[in-house]
Amino acid sequence: MKKRGMLVFALFSILIIGLFLAGCGGKEEPKQAAQQPAPECAVDSDCSAKAQGVCDEASCVSGTCIVNTKENCCGNGVCEEESENVCSCPSDCETGCEGHVEFKTPSGAIQKSKYFNYGCIGSQCGIKYNPSEIKPHQAYHDLRQDNLVIGMTASYIQPFEINHGSVGIELQLKDYNAELVALPVFISEVRVMENSLLLGRVKGADWTLDSIGDSISIEVPISYSMAMPEEQKTVTIQIDYQVMKLKKISVRDENGRQQYDEFGQPVYTYINDTLKINTFIQTLAERIYFIDPNYDKVKVDFSQE
């Protein structure tokens with residue numbers, strides 16, 4: 001009986017342990033999968049806010065916004081020499097079109113220009129000068145010769161654009177010796193010279209100074225072949241004129257005797273003697289800069305832009 005009881009107890013214990021293990025060793029529940037993030041975009045337009053720069057290009061690739069920088073685009077921070085320069089895209093190309101132009105003189109020396117500068121002409125770099133630098137100038141001189149005093153005013157601009165302007169010459173009769181010359185004074189030609197180089201000339205048909213205070217104004221167009229786009233010259237004004245010289249003779253009676261006035265002074269008269277042909281020559285103190293916008297090696301923009 002005792003053995004049987006122990007057997008029953010053993011079986012009962014085995015049953016209890018089996019039930020306990022069955023309760024603890026049940027099926028393991030599956031783990032929950034990790035949550036995937038929502039797509040950033042579906043189409044390219046969803047990424048437009050990502051393109052901050054003018055050369056940024058945003059697109060939607062597999063739900064993600066990708067931003068690329070376009071090439072050959074002004075504003076991408078790269079100066080692409082084949083398609084851009086400082087004039088067409090200053091934000092990318094910061095330097096390269098500034099400073100004074102240098103020319104080679106006929107002697108081979110290098111000369112730095114005073115008025116020509118590199119600058120932007122539209123979207124291209126070119127050679128130009130600033131018209132605001134053009135200033136009017138005047139020079140006055142008294143011309144004294146052959147018993148005449150003539151005031152001369154020369155008007156010009158600095159710098160002077162060749163083939164597109166003139167030097168203004170105003171002449172006014174200030175005084176003359178009536179016992180030695182007879183009016184009018186005829187002006188036949190006015191020239192603007194540099195030594196023997198003729199810069200401009202004009203001939204007159206009816207220019208006369210008939211009395212003290214009379215004046216005439218003459219425009220002398222300047223046109224000559226320049227050796228360089230910019231030249232500085234010492235200018236001389238030459239004025240051809242004619243005036244009648246007088247001859248002083250005694251007044252005599254029919255018997256050839258000298259006549260006297262009421263004060264006992266001999267009486268004289270003046271007759272035309274010879275026509276005096278001469279030239280006033282006056283060098284201007286200030287040298288003039290001449291510039292040539294049509295010089296074959298330079299293209300110059302004269303706009304105000």
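Structure notes:
- Segment 65-119: trypsin sites (Lys or Arg not before Pro) in DSSP coil with no more than 15 other Cβ atoms inside 10 Å: Lys70
- Taking amide H as placed 1.01 Å from N in the peptide plane, the amide H of Leu246 sits under 5 Å from that of Val181, Ala182, Asp273, each at least 5 places away or on another chain.
- Average Cα contact separation per residue, segment 89-152, under 8 Å, 6 or more apart, as relative contact order %: 19 percent
- Of the chymotrypsin sites (Phe, Trp or Tyr not before Pro) found in segment 144-190, not one falls in a DSSP loop while having at most 15 other beta-carbon atoms within 10 Å.
- Burial ordering of Val67, Val220, fewest other beta-carbon atoms within 10 Å first: Val67, Val220
- For segment 134-291, the relative contact order works out to 24 percent when only alpha carbon pairs closer than 8 Å and six or more residues apart are counted.
- Calculated on C-alpha atoms, the gyration radius of segment 134-291 divided by its Kirkwood radius gives an Rg/Rh of 1.17.
- Sparsely packed loop sites in segment 189-285 (the trypsin sites (Lys or Arg not before Pro) outside DSSP H, G, I, E and B with at most 12 other Cβ atoms within 10 Å) comprise Arg257.
- The shape of segment 63-207 can be summarised by an equivalent ellipsoid whose semi-axes, obtained from the alpha carbon gyration tensor, come to 59, 16, 12 Å from longest to shortest.
- For Asp214, distant residues with modelled amide H under 5 Å away: Leu173
Each value in this text was obtained by applying a stated rule to the coordinates, not by laboratory testing. Everything quoted here is computed from the prediction, not taken from an experiment. In this analysis, Cβ positions are derived from the backbone assuming ideal geometry, glycine residues included, and neighbour counts consider all displayed protein chains.
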